[in-house]
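Structure, as structure tokens:
The values are calculated or read from the model by the stated rules, or taken from the named source; none is laboratory data. The structure displayed is predicted, hence computed values, not measured ones. Cβ placement follows ideal geometry from the backbone for every residue including glycine, while neighbour counts extend to all protein chains displayed.
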Amino acid sequence: MFRLVLVCALVAYASACTTLIAGKDATVDGSVMCTHSNDGEGDTDPRMVRIPARDYAAGSMRPVYFAPESYPRYVGSDRKADAYLPVGKQEVMKPIGQIPQVAHTYSFFEDTYGAINEHQVGIGESTCSGIYGTKPAGHGGKAMLSVDTLSQIAMERCDSSRCAVTTMGQLAEKYGFYGAGSFEGTAESLMVTDPKEGFIFHILPDPNGTSAVWAALRVPDDHVGVVPNVFVIREVNTTDTHNFLHSTNMHSIAMEKGLWDGEGMLDFTATYSDGEYAHKFYSGRRVWGAYNILAPSAKLSPDYEEWKKSAPYPSPIKPDQKVSVETFVHVMRSYYEGTQFDQTKGSWMAGGPWGNPDHVASDSKNVHGNWERTIGLFRTSDSYIVQSRSWLPNSVGGVIWWGPHAAPYTMYVPYAAGMTKLPAATLGFQSTLNKGAQYWAQRYLATMVQTKFSYMIDDVHALQSKVHNMSLAVQAECDKLKANDPTITTKYNANAEAVLALTWKLIDDLHFKYADGWLNEVKPDGSFESSRTPYPDWWFKAVNYTNGPPPCPGGECARFNGEAASVDAIASPNCTADAVITCVRQCNKDDMAVYTKCVDECVGTC
């Protein structure tokens, strides 16, 4: 098979993300949902920013910028968002091209990608491998549009998911599409939703680097889907224009390059995907993990031969039960708990004695290998669930449940599409420690919990449940308000600030509760108790504790056997450590000289 010679990466890290989608008949309340997890590395820009609606004069042009994805992802005033104005020595970015502007653009929220707009159109992104790649204009290539820019344009111009898909596809064909520029990221996938339907959209550059190849599958209303950094669309039925959309060159390029014989329907994944990256199961395990939660009755095997040709899992699939925001949150946080791949199992040394599921990959030149690629991941900069509800006004019907930092630890906080302002809590980023940002609160929390995961995660789950119930109550209140009521912004922002405060309180509480490795508790009567949090037996055996220094022969060592004794009593060969301690406690502390002499006598007698 023809494969592109890999070119140098222009984006520092591919955003290795897991995305989910659900049709309206697959959800408990009839909403259409999609998710996004921005699983980059340590500098992916996690901010959520509101872009206002605008009007433009006839003949206006829209500037297009290179998309670095790391902080700052954009610097300038064109977006009309204060968060993007230059700070310190930051330089205003220059466009790499421009396209004709429309008369009116819609308001929307974006993090790295366009997330949700005022018409409840939602987008979630997952970087994929593709057999072709190219460089952007201004950086050695000719392609103008990245997935970041395409998603933003879709937010600006479209009031439906179908419009978003066709707009992105047609613009990419005309002006060229570029991915990250390496094997991990030459192609992209987007979940695109609105209050009535949703699509899985795949795109990669054409062989010449001047256009794009793409396809989109409408998700059946009673189905759910997963995209985990690899294409999942299989046979494209070009006669079914309701359920399938595609580029004009999809067939011709496949024929020209010998990728397809022209018989039957073209399998988009088998033709244009370059398979899983990093290792076998990097993507497939996440599909299995998600379906194991959403459709366990399918009894899918976690093993398979390969991804491209064998099509090991259905896509999409009908869930066993209708899903909710809570269901998708559960999937987003998953590290395969309760399965043979559970990353918290104590018997797995990588998790340490406290079952920490967060394993950093090796950069060693001498030691090679891989961890299981979980869905919930420590290196996530932010994730979210978009919920679009057709029976409500757009201003309250569209809600993004946004969670900065890693999903297993984060608090998903809702923000309505009609809000006119987002709180400062959504603007944290890695290079500046900001305790007013939810990102940094969650990062603090995650770092603390990793030290004693099996103990502390229960406290995190308790707050996550409390916060979710708080947020559902706020959502229910705002759902009753009239469209564009300013109270919508006030109520949702107040909830966000309350969540921020509760997160910092939990951090303080955990620091107190587990200080120095103890379990510290203040009893209802006001008394204080500090007890051990012992290592598990398997860990003691695994770290050679049982083969440590041997016990003293012949009973020569002092024993903590609970015996009490006076100074005179412990002056015998069989004196105990407990007796020494009892003796010391009886020494008079009012006079330091007397106290010191007494302690010396207590210890010296043995």
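Being within 26 Å of the chain's Cα centre (by Cα), surrounded by fewer than 18 Cβ atoms within 10 Å (Cβ to Cβ) and in a loop (DSSP other than H, G, I, E, B): is that true of residue 41 here?
Details: within 26 Å of the chain's Cα centre (by Cα): yes; surrounded by fewer than 18 Cβ atoms within 10 Å (Cβ to Cβ): yes; in a loop (DSSP other than H, G, I, E, B): yes.
Yes; evaluated as a whole, the condition is true for this residue.
Counting only residues that are charged (D, E, K, R) and within 34 Å of the chain's Cα centre (by Cα), which one in the range 259-281 is surrounded by the most Cβ atoms within 10 Å (Cβ to Cβ)? Give the derivation first.
Quick first cut of the range 259-281, residues charged (D, E, K, R) only: 261, 263, 267, 274, 276, 280.
With within 34 Å of the chain's Cα centre (by Cα) added as a condition, the list becomes 267, 274, 276, 280.
Working: 267: 20, 274: 24, 276: 21, 280: 15.
Of everything passing the filter in the range 259-281, 274 is surrounded by the most Cβ atoms within 10 Å (Cβ to Cβ).
Is at least one residue of the range 494-509 in contact with a Phe, Trp or Tyr (Cβ under 7 Å, 6 or more places away or on another chain), among the aromatic types (Phe, Trp, Tyr) and either closer than 22 Å to residue 425 by Cα or free of Cβ contacts under 8 Å to residues at least 12 places away in the same chain (or both)? Reasoning before the result, please.
Initial filter on the range 494-509 (in contact with a Phe, Trp or Tyr (Cβ under 7 Å, 6 or more places away or on another chain)): 507.
Subsequent filtering for residues that are among the aromatic types (Phe, Trp, Tyr) retains none.
Looking for residues that are in contact with a Phe, Trp or Tyr (Cβ under 7 Å, 6 or more places away or on another chain), among the aromatic types (Phe, Trp, Tyr) and either closer than 22 Å to residue 425 by Cα or free of Cβ contacts under 8 Å to residues at least 12 places away in the same chain (or both), one finds none in the range 494-509, hence no.
Go through the range 194-221 residue by residue and tally those that are of a type in the set (D, E, K, R) and in a strand (DSSP E or B). Before you say what the answer is, go through the steps one by one.
We begin by selecting, within the range 194-221, every residue of a type in the set (D, E, K, R); these are 194, 196-197, 206, 218, 221.
Next, only the ones that are in a strand (DSSP E or B) stay: 218.
Counting residues in the range 194-221 that are of a type in the set (D, E, K, R) and in a strand (DSSP E or B) gives 1.
Quick one: is residue 107 touching a Gly at 6+ places or on another chain (Cβ under 9 Å) and farther than 24 Å from residue 178 by Cα? Write out each step before concluding.
Numbers: touching a Gly at 6+ places or on another chain (Cβ under 9 Å): yes; farther than 24 Å from residue 178 by Cα: yes.
So residue 107 fits the description; yes.
Looking only at residues that are touching a strand residue (DSSP E or B) at 6+ places or on another chain (Cβ under 9 Å) and hydroxyl-bearing (Ser, Thr, Tyr) in the range 485-525, which one is farthest from residue 472 (Cα to Cα)?
514
In this structure, is residue 143 surrounded by fewer than 20 Cβ atoms within 10 Å (Cβ to Cβ) and either touching a residue at least 40 places away in the same chain (Cβ under 8 Å) or under 30 Å from residue 307 (Cβ atoms) (or both)? Steps first, please.
Details: surrounded by fewer than 20 Cβ atoms within 10 Å (Cβ to Cβ): no; either touching a residue at least 40 places away in the same chain (Cβ under 8 Å) or under 30 Å from residue 307 (Cβ atoms) (or both): yes.
Judged against the criteria, residue 143 is not a match.
Condition check ((1) surrounded by 13 or more Cβ atoms within 10 Å (Cβ to Cβ); (2) closer than 22 Å to residue 351 by Cβ; (3) not acidic (Asp, Glu)) across all residues:
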{"residue": "515", "(1), (2), (3)": "no, no, yes"}
{"residue": "522", "(1), (2), (3)": "no, no, yes"}
{"residue": "525", "(1), (2), (3)": "no, no, no"}
{"residue": "529", "(1), (2), (3)": "no, no, no"}
{"residue": "541", "(1), (2), (3)": "no, yes, yes"}
{"residue": "548", "(1), (2), (3)": "no, no, yes"}
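Residues in the range 351-373 that are of a type outside the set (Ser, Thr, Tyr) and surrounded by fewer than 14 Cβ atoms within 10 Å (Cβ to Cβ): how many? Even if it seems obvious, please write down each step before you answer.
Taking the range 351-373 as the starting set, the residues that turn out to be of a type outside the set (Ser, Thr, Tyr) are 351-361, 363, 365-373.
With surrounded by fewer than 14 Cβ atoms within 10 Å (Cβ to Cβ) added as a condition, the list becomes 360-361, 363, 365-370.
Residues that pass the stated criteria total 9.
From the list 70, 31, 37, which one is at pLDDT below 95 and among the polar types (S, T, N, Q)? Let's see the steps before the verdict.
Numbers: 31 fails: at pLDDT below 95; 37 fails: at pLDDT below 95.
None of the others qualify; the one that does is 70.
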